[in-house]
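First up is the structure itself, then whatever we jot down about it.
The values are calculated or read from the model by the stated rules, or taken from the named source; none is laboratory data. Quantities reported herein were computed from a predicted structural model and do not represent experimental measurements. Positions of Cβ are backbone-derived with ideal geometry, glycine not excepted, and every protein chain shown enters the neighbour counts.
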Amino acid sequence: MTITEIINTKNNKILIDKITKKFYENFKKEYKTFLDFIDGIPVKFDQEWYASLMLNRLMFIYFIQRKGFLNNDLDYLRTKLNQCQENKENNQFYSFYRYFLLKLFHQGLGNQNRNTELEALLGKVPYLNGGLFTVHYLEQTYPQITIPDTAFTQIFNFFDQYNWYLDERPLKNDHEINPDVLGYIFEKYINQKQMGAYYTKEDITEYISKNCIIPYLFDAVKSENYDFWNLLKDYPERYIYEAVKTGVDLPLPEHIARGLNDVSQRQNWNQPADDNYGLPTEIWREYITRKTRYLEIREKLVNGEVNHINDLITYNLNIRQFAEDVINNCQDPQFLYNIYDQLGKMSILDPTCGSGAFLFAALNILEPLYDACLEKMTSFLEDNHKDHKKMIQQFRQILNDVKFHHNQRYFILKKIMLNNLYGVDIMEEATEICKLRLFLKLVAQVTPNHSLPNYGIEPLPDIDFNIRAGNSLVGFANYDQVKKAVEGSQQLKLDLFSDMTRI
């Protein structure tokens with residue numbers, strides 16, 4: 001990244017924090033109001049949980065309705081609320097929740113089989129699956145839940161103040177919302193010392209994830225057997241971050257250079273460095289340390305002294321760029337297949353996943369690696385390597401599988417969610433938000449086609465096994481203990497044998 005890009009990224013994060021803080025403060029008030037409207041749940045904890053569940057579902061629908069997925073109506077929920085109030089008698093205060101919303105959730109978005117009457121009520125809406133809209137445990141436990149229309153009128157008035165964008169465009173003003181806001185809401189909610197719960201920031205999750213995943217991948221494919229370290233030797237500047245290189249090619253001003261060999265001449269070294277030399281807030285002493293470090297690292301790269309994947313961590317080099325370049329410059333189909341195969345076998349577990357901060361960081365690391373593999377496979381097919389017929393056939397099969405999905409990115413994201421990402425959290429609400437965010441990431445890749453069945457949308461994958469609520473610290477030592485606990489408590493809803501075969 002260039003300095004300009006770093007500054008723009010920082011400014012964008014400041015804007016996002018500002019937007020999110022404002023949205024969250026208002027959301028918190030609306031949540032409390034919505035909570036008070038819910039009747040039929042005597043347990044306070046369950047009532048709060050259900051309020052969160054309903055608002056999460058409604059926000060999910062707000063995102064997808066603005067993309068035309070629901071009867072091609074960008075204000076689908078508001079339209080249906082108005083229709084319900086018009087069609088029902090004036091003394092029927094709970095018409096929308098009972099008559100429409102639960103049917104939309106359970107029989108529409110969560111069920112593929114619909115009768116004519118239901119089609120007339122809902123209009124054309126896709127079957128999404130994914131578990132988000134199936135009958136929830138709370139709805140089974142408290143079948144008499146009621147929520148008045150007034151509650152939905154009020155929450156829709158709040159939601160309608162914002163533009164809901166399902167894609168990943170940068171937010172430009174405080175009236176724009178994207179799916180990341182769900183994670184930020186949870187971040188604000190979860191940072192509670194009394195619970196011992198904290199949200200990990202993006203820069204930390206990205207740093208830890210890339211420096212775990214990529215070295216593991218290189219070790220798994222036995223990268224020491226392949227010669228690609230010349231990339232570092234031939235293109236050293238490519239793998240040194242722009243922030244490290246800022247101003248290092250400029251000669252030192254004379255009043256600063258005097259102190260290099262004479263300590264007594266360093267009285268100006270604690271002054272802020274000139275803008276064209278230093279990073280924001282950097283003083284001359286820090287600039288000189290950074291420049292010295294840059295020259296040392298560059299010399300090691302040019303001399304071929306960096307020849308192990310862990311060295312890139314030690315010297316804080318761009319390990320993500322290097323991994324992508326290794327794939328893009330691969331000349332051995334077998335090595336490419338090994339990388340792709342090991343990517344698919346990699347299991348990444350966050351035992352305290354919350355709303356998915358680390359899992360999304362891992363996804364962002366894996367996605368460009370998968371993409372680079374598929375692009376390189378396409379290149380090998382076009383070149384028609386006759387000496388590697390078996391590998392070429394494997395590549396052809398993999399690329400054919402991609403065609404059965406909406407696009408290549410959808411295929412990659414779905415593969416990552418099913419094969420790579422696993423999370424556990426003691427808060428069930430957290431796991432619900434995590435799954436919801438993953439689903440939104442997938443749906444964002446799809447453009448509705450109104451001429452095709454189900455809008456051309458394939459059902460969302462079942463990731464209930466991947467993302468689970470539970471206690472990562474207290475569990476069972478062996479299979480017999482699991483079986484005994486399940487049989488003793490008669491937890492029939494746990495498909496024990498099916499789950500154990502997947503562990």
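Would you confirm, using the coordinates I've provided, whether LEU336 is farther than 21 Å from ASP203 by Cα, touching a Phe, Trp or Tyr at 6+ places or on another chain (Cβ under 9 Å) and buried (at least 22 other Cβ atoms within 10 Å of the Cβ)? Against the criterion (farther than 21 Å from ASP203 by Cα, touching a Phe, Trp or Tyr at 6+ places or on another chain (Cβ under 9 Å) and buried (at least 22 other Cβ atoms within 10 Å of the Cβ)), LEU336 qualifies.
Taken over region 63-75, the criterion of being crowded, with 22+ Cβ neighbours inside 10 Å and either of a type in the set (Lys, Arg) or in a loop (DSSP other than H, G, I, E, B) (or both) is satisfied by PHE69, LEU70.
Checking the structure you have, find out if any residue of region 256-264 is in contact with a Lys or Arg (Cβ under 8 Å, 6 or more places away or on another chain), buried (at least 16 other Cβ atoms within 10 Å of the Cβ) and over 30 Å from GLU305 (Cα atoms). Scanning region 256-264 turns up at least one residue that is in contact with a Lys or Arg (Cβ under 8 Å, 6 or more places away or on another chain), buried (at least 16 other Cβ atoms within 10 Å of the Cβ) and over 30 Å from GLU305 (Cα atoms).
Listed here are the residues, each with its yes/no results for (1) part of a loop (DSSP other than H, G, I, E, B); (2) among the aliphatic types (A, V, I, L, M).
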{"site": "LYS415", "(1), (2)": "no, no"}
{"site": "LEU418", "(1), (2)": "no, yes"}
{"site": "VAL424", "(1), (2)": "no, yes"}
{"site": "THR431", "(1), (2)": "no, no"}
{"site": "CYS434", "(1), (2)": "no, no"}
{"site": "ARG437", "(1), (2)": "no, no"}
{"site": "LEU440", "(1), (2)": "no, yes"}
{"site": "GLN445", "(1), (2)": "yes, no"}
{"site": "PRO448", "(1), (2)": "yes, no"}
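The condition (being surrounded by fewer than 19 Cβ atoms within 10 Å (Cβ to Cβ), in contact with a Phe, Trp or Tyr (Cβ under 6 Å, 6 or more places away or on another chain) and at pLDDT 85 or above) is satisfied by just one residue among ARG98, ARG114, ARG78: ARG78. When you look at PHE133, is it under 26 Å from LEU442 (Cα atoms), of a type in the set (Phe, Trp, Tyr) and not in a loop (DSSP other than H, G, I, E, B), yes or no? Spelling it out, it is not the case that PHE133 is under 26 Å from LEU442 (Cα atoms), of a type in the set (Phe, Trp, Tyr) and not in a loop (DSSP other than H, G, I, E, B). Touching a helix residue (DSSP H, G or I) at 6+ places or on another chain (Cβ under 8 Å), outside the structural domain of LYS32 (by TED's automatic domain parsing) and either within 27 Å of PHE27 (Cβ to Cβ) or modelled with pLDDT under 95 (or both): which single residue out of ILE185, ILE208 fits that description? After applying the criteria, what remains is ILE185. If I go through region 361-380 residue by residue, how many of them are surrounded by fewer than 22 Cβ atoms within 10 Å (Cβ to Cβ) and within 30 Å of LEU473 (Cβ to Cβ)? The qualifying residues number 2. Does at least one position in region 146-164 carry a residue that is under 30 Å from the mean Cα position of the chain (by Cα), part of a strand (DSSP E or B) and surrounded by fewer than 18 Cβ atoms within 10 Å (Cβ to Cβ)? Checking region 146-164: at least one residue is under 30 Å from the mean Cα position of the chain (by Cα), part of a strand (DSSP E or B) and surrounded by fewer than 18 Cβ atoms within 10 Å (Cβ to Cβ).
What about MET391, is it buried (at least 18 other Cβ atoms within 10 Å of the Cβ), more than 30 Å from PHE439 (Cβ to Cβ), among the aliphatic types (A, V, I, L, M) and in contact with a Leu (Cβ under 9 Å, 6 or more places away or on another chain)? Judged against the criteria, MET391 is a match.
Across region 445-458, the number of residues qualifying as at pLDDT below 90 and within 19 Å of the chain's Cα centre (by Cα) comes to 1.
Here region 278-304 is the region considered, the condition is being over 36 Å from the mean Cα position of the chain (by Cα) and assigned to a loop (DSSP other than H, G, I, E, B), and the residue that is surrounded by the most Cβ atoms within 10 Å (Cβ to Cβ) is GLY304. How about region 5-35: which of its residues are of a type in the set (S, T, N, Q) and at pLDDT below 65? Within region 5-35, ASN8, THR9, ASN11, ASN12 meet the criteria. Could you tell me whether TYR455 is farther than 15 Å from ILE61 by Cβ and aromatic (Phe, Trp, Tyr)? So TYR455 fails the test. For region 440-469, a residue qualifies if it is exposed (fewer than 14 other Cβ atoms within 10 Å of the Cβ), touching a helix residue (DSSP H, G or I) at 6+ places or on another chain (Cβ under 9 Å) and over 12 Å from GLY131 (Cβ atoms), and the qualifying residues are THR447, ASN449, HIS450.
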